[in-house]
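Here's the structure we're looking at; comments come further down.
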Amino acid sequence: MRKALRGVLSLAVLIGTVSATGASAGAATAAEPTAKQSSGSTSSSESSSEDIKDRILAIPGMSLIEEKPYPGYRYFVLNYTQPIDHKRPSKGTFQQRITLLHKDTSRPTVFFTSGYNVSTNPSRSEPTQIIDGNQVSLEYRFFTPSRPAPADWSKLDIWQAASDQHRVFTALKKIYSENWLTTGGSKGGMTATYFERFYPKDMDGVVAYVAPNDVVNNEDSAYDRFLARVGTKECRDRLSGVQREALVRREPLEKKYEAYAAESGYTFNTVGSLDKAYEAVVMDYVWAFWQYSLLADCEAIPADAAKATDQEIWDSIDGIAGFSSYADQGLGTYTPYYYQAGTQLGSPDIRQPWLGNLSRYGYQPPRNFVPRDISMKFQPSAMRDIDSWVRNNARHMLYVYGENDPWGAEPFRLGRGARDSYVYTVPGGNHGSKVAGLVADEKANATAAILRWAGVAPAAVEADPAKAKPLAKFDARLDKRDAELERNLGTLRP
């Protein structure tokens, strides 16, 4: 949930060769693009008499922001007119950004959301690579510019957001008539789950990565147990030592913070003071490390924090938790997230007993990170409903977690009512865990399930899931780390 961490982590996967059910290997995907295709025509298997852009823009409420060329694809950045309130659509509308990576209407489609802003550069999520399909990506409501004006924050909830997805799906299904999967990482995985809960007939499958499931917001002991045993004692001691020193040396380091804030133009009106912002960053430090680093990265943490210089303590805290996180300028982008965390999603409240009485404010709640003129009231029934539904009704749902990711301490679990659904954990994995990192048999089973749900599992995979491989070839530009999740890396921001 908090701060954008610098340069870690990849949600992309190196992927293999092309194949398709009931067809030769090359028939199911676009051929090597011709010059005409690269300049923006439809793929070779579609009719040239009806351009895909024209079909998309014929949808009522759909408008084009820009088209970006990409070999073998068409890539559109779009606006779609949505009701502010899906229960009362006559009460006004807003423009919601969408991107569309178009391959071919004969291919399945992945509906991706990060739960935050949408990237406007072409990229493929892991399921899109696996099924060699189209990808629709949606900006979450109230993240700018997809925010109603004026903003009625009571209309920012998980049902309204799921209804946004439902309307987009309903509109585009007329063009992309093959199977659809929904996916997302972290808050995006939560979003995919909520969409399935409220509109279970829309998607043919759900692939949710590292999705937290905070069922009872005021009972967070699972996180404390997790942090007490994650990794190795040596690593935990290094982290706690640096964190303690940052609070012991509060006075000199806050002077450094004050100078840094003045130079950067940072203010602290929302959180209330530089002191509260400083402590919030320090309190995030241990969680942030495990969320986005690997055990091997402990070597970079000062081994004897008491002997480290002020600059070494500062650099370690800033590099992992980020001193810009709780300035107004860092918080503003994520107001919609903090609002939801304080009204429906819940948020961790960890004890960190190794700090003794050094903390003045404790683990600060989401209310502290949302401007006071926005009212908030927590709804404890929201996550209980989601959790119960997943346990008893999951169909074609896959959850992937990381062994060392704190968010996995409260995961989604499947009950007796679940069918053809799975929860897997990447050994040693962090918040970037994906199917590619699973042990061999689980990786094959997950890949086979994704292909099966998308309706493109080759006959060999239907007979033996161990043979399952992604259908698309690796693309160094499209398949670098997932752009939306990369931008939204955060310590206490999933």
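The values are calculated or read from the model by the stated rules, or taken from the named source; none is laboratory data. Remember, it's a predicted structure, so these values are computed and weren't measured experimentally. Every residue, glycine among them, receives a Cβ derived from its backbone with ideal geometry; neighbour counts consider all protein chains shown. Protein only, heavy atoms only, side chains kept; ligands, DNA and RNA dropped before computing areas. Shrake-Rupley method; radii C 1.70, N 1.55, O 1.52, S 1.80 Å.
Which of the numbered conditions does Glu251 fail, given that it passes all the others? Conditions: (1) open to solvent by 60 Å² or more (accessible area, probe 1.4 Å); (2) outside any helix (DSSP H, G or I).
Here Glu251 clears every test but (2).
Does Ser375 satisfy the condition of being in a helix (DSSP H, G or I) and surrounded by fewer than 22 Cβ atoms within 10 Å (Cβ to Cβ)?
No, not satisfied.
Among the residues of the range 415-446, count how many are within 26 Å of Asn393 (Cα to Cα), part of a helix (DSSP H, G or I) and touching a residue at least 40 places away in the same chain (Cβ under 8 Å).
Number satisfying all stated conditions: 2.
So which of Arg88, Arg55, Arg107, Arg97 ends up being out of contact with any His (no Cβ under 8 Å at 6 or more places or on another chain), modelled with pLDDT of 95 or more and closer than 27 Å to Lys473 by Cα?
Selected residue: Arg107, the only one of Arg88, Arg55, Arg107, Arg97 that is out of contact with any His (no Cβ under 8 Å at 6 or more places or on another chain), modelled with pLDDT of 95 or more and closer than 27 Å to Lys473 by Cα.
Kindly provide the set of residues from the range 345-378 that are touching an Asp or Glu at 6+ places or on another chain (Cβ under 8 Å), within 12 Å of Val216 (Cα to Cα) and of a type outside the set (Gly, Ala, Ser), ordered by number.
Listed by number, the residues that qualify are Leu345, Pro348, Asp349.
Pairs only if they're at least six apart or on different chains, beta carbon under 7 angstrom, first in the range 325-349 and assigned to a helix (DSSP H, G or I), second of a type in the set (Gly, Ala, Ser) and modelled with pLDDT of 95 or more; list them, first residue then second.
Partner pairs satisfying both residue conditions: Gly330/Ser324; Ala341/Ser347; Gln344/Ala382.
From (1) open to solvent by 50 Å² or more (accessible area, probe 1.4 Å); (2) out of contact with any Pro (no Cβ under 8 Å at 6 or more places or on another chain), pick out the condition that doesn't hold for Ser293.
It fails just one condition, (1).
Asp284: under 24 Å from Gly432 (Cα atoms), open to solvent by 10 Å² or more (accessible area, probe 1.4 Å), in a helix (DSSP H, G or I) and modelled with pLDDT of 95 or more, yes or no?
No.
Return yes when Ala446 is of a type in the set (Gly, Ala, Ser) and surrounded by fewer than 21 Cβ atoms within 10 Å (Cβ to Cβ) and no when it is not.
Judged against the criteria, Ala446 is not a match.
When the range 391-410 is examined, which residues are found to be within 15 Å of the chain's Cα centre (by Cα) and assigned to a loop (DSSP other than H, G, I, E, B)?
Asp405
Which numbered condition trips up Lys201, out of (1) assigned to a loop (DSSP other than H, G, I, E, B); (2) surrounded by fewer than 20 Cβ atoms within 10 Å (Cβ to Cβ); (3) touching a helix residue (DSSP H, G or I) at 6+ places or on another chain (Cβ under 9 Å); (4) not hydrophobic (A, V, I, L, M, F, W, C)?
(3)
Can you tell me which residues in the range 118-154 are hydroxyl-bearing (Ser, Thr, Tyr) and within 16 Å of the chain's Cα centre (by Cα)?
Matches in the range 118-154: Ser119, Thr120, Ser123, Ser125, Thr128, Ser137, Tyr140.
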